Amino acid sequence: MTLWNQEMGCTSSDSEDELHSAIGLLARKQRPDTRRRVSVSHTPSSASMESSSNLAQLRPHKTRELLAAAPKVARAHQQSIFQSMWIGATAGMGGIIAVYPVDVVKTRMQNSRVATSAVQTLTSIFRNEGVGSFYKGLGPQLCGTIPDKAVSLATREFVKSFFDKPNEFKASLTSAAVSGVMQSIVMNPVEVVKVRMQLDSTLKPFGVIRELGLQGLYRGYSACLSRDVMFASTYFTLYDMAKTQLGVQDGTLLGWSMVAASTAGIPAAFLSTPLDLLKTRMQSRDATVQGFMNTYRQVTAQGGVGALFSGWGPRVSRIAPQFGIVLVSFDWLSHRFSPAVEHLPEPADTDAYADY
């Protein structure tokens, strides 16, 4: 402080007050002025004028030192809904390609009337149909995943923007539920085509579409809607809570962010497995009953309540890493390509600096 007092030409009793005023002025000058300028009818105080005079005399390196002494600047990344959409599409595409073979195994297990393990199902597909069958239906899935993640992740960010504290429970739950609704609208037709092709490797996507028509592409929508809302509400709420506990900010600490994203996927995937199974049964070509409750009764009559969790292992194994990849990629790309907005400390006397 002695050196500072000598530079500024002020006494030790005045230095802290002037430093505070100068920091406030620098904070205001660094922040874009988004408020309407209003004329000030009173004369600025002598203290503020003296602080302004002292600030003007600072050399550049002293200005940098002064800013370094100020409270840490919080940086938030803001993006338009269109940026959220293309970032979400890119992140979703990478995630689905990485884990798609596991999804094929899960679908085969869920549609089987005989209980089989993941290893048995995987071995059977490999021996009887070849490696290519593990990516059967990937094209339609990618065509659906790109708009799905674009819409659902952008919707989540958009809804969260209406909350003062976007990572709190209420904001996370509400934005996730709305995101799940949007996801089901986009993804149900894709899910129908994907399920049909995964169960019958001879089918072609356009052949399935012609066979079903628009109404048929929304077969099983009640189960798809229930699954997506339940999964999204559970997953994103746990994900935001985990990030808060780990001290992870968007686009930083990618290792811990991956841990948070993958861990949140385990309970979310497990709890939504019964709804995913009912959706698969309702959308399959050989479905013998129609309707959500009729399908539920059929499944439980054949294998008990435990049958509702068929395929939970592959489902968890797919979703945990997939959403880890998707969410970490989304946060990193948002941090990388979205403009940063600095939230600097407010000056103590805002009226005194109204004309700056």
* Search the stretch 278-314 for residues being among the charged types (D, E, K, R) and at pLDDT below 90, and hand back the single one that is nearest to the chain's Cα centre (by Cα). => 285
* Would you please list the contacts, defined by Cβ atoms under 6 Å and residues six or more apart or on different chains, that run from a residue in the stretch 117-128 that is in the same structural domain as residue 310 (by TED's automatic domain parsing) to a residue that is assigned to a helix (DSSP H, G or I)? => 118/105; 118/313; 118/314; 121/105; 121/108; 121/109; 122/105; 125/133
* With respect to the numbered conditions (1) in contact (Cβ under 8 Å) with a residue 40 or more places away in the chain; (2) surrounded by fewer than 21 Cβ atoms within 10 Å (Cβ to Cβ); (3) touching a Pro at 6+ places or on another chain (Cβ under 9 Å), which one is the sole condition not fulfilled by residue 193? -> (2)
* Considering residues of the stretch 253-273 that are surrounded by fewer than 20 Cβ atoms within 10 Å (Cβ to Cβ) and among the aliphatic types (A, V, I, L, M) only, the residue farthest from residue 109 (Cα to Cα) -> 253
* Structure fact -> Filtering the stretch 286-298 for residues that are in a helix (DSSP H, G or I) and over 13 Å from residue 227 (Cα atoms) leaves a count of 6
* Which members of the stretch 162-184 meet the condition of being modelled with pLDDT of 90 or more, surrounded by fewer than 23 Cβ atoms within 10 Å (Cβ to Cβ) and not aliphatic (A, V, I, L, M)? -> 162, 163, 169, 170, 174
* To do: Please enumerate the residues belonging to the stretch 255-285 that are outside any helix (DSSP H, G or I) and of a type in the set (D, E, K, R).
  => 285
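List the helices (runs of 4 or more DSSP H) inside the stretch 44-119, counting only whole elements, that have at least 3 residues being touching a Phe, Trp or Tyr at 6+ places or on another chain (Cβ under 9 Å) and modelled with pLDDT of 50 or more.
Fully inside the stretch 44-119 and qualifying: 81-111.
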* What is the number of the single condition among (1) acidic (Asp, Glu); (2) crowded, with 20+ Cβ neighbours inside 10 Å; (3) farther than 14 Å from residue 176 by Cβ that residue 286 does not meet? -> (2)
* Asked: residue 242 passes all but one of (1) in contact (Cβ under 8 Å) with a residue 60 or more places away in the chain; (2) under 14 Å from the mean Cα position of the chain (by Cα); which number fails?
  -> (1)
* Restricting attention to the stretch 176-203, and to residues there that are in a helix (DSSP H, G or I) and β-branched (Val, Ile, Thr), which single residue is nearest to the chain's Cα centre (by Cα)? -> 178
* Read through the list (1) among the charged types (D, E, K, R); (2) surrounded by fewer than 21 Cβ atoms within 10 Å (Cβ to Cβ); (3) touching a residue at least 60 places away in the same chain (Cβ under 8 Å), then give the number of the only condition that residue 276 fails. => (2)
* Residue selected from the stretch 196-218 under the condition hydrophobic (A, V, I, L, M, F, W, C) and in contact (Cβ under 8 Å) with a residue 40 or more places away in the chain, by the criterion nearest to residue 287 (Cα to Cα) -> 199
* Evaluate the following for residue 199: is it surrounded by fewer than 17 Cβ atoms within 10 Å (Cβ to Cβ) and of a type outside the set (Phe, Trp, Tyr)? => no
* **Looking only at the stretch 92-148, and only at residues there that are of a type in the set (Phe, Trp, Tyr) and within 17 Å of residue 204 (Cα to Cα), the one that is surrounded by the most Cβ atoms within 10 Å (Cβ to Cβ)** => 134
* **The listed residue being of a type outside the set (Lys, Arg) and farther than 20 Å from residue 84 by Cα, out of 239, 218** => 218
* Structure fact -> residue 322 fails exactly one of (1) in contact with an Asp or Glu (Cβ under 9 Å, 6 or more places away or on another chain); (2) closer than 22 Å to residue 121 by Cα; (3) at pLDDT below 85, namely (3)
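The values are calculated or read from the model by the stated rules, or taken from the named source; none is laboratory data. Quick caveat, the model's predicted, so the values are computed rather than measured. When we count neighbours, we look across all protein chains shown, and the Cβ atoms used for this are built from the backbone with ideal geometry, even at glycine.
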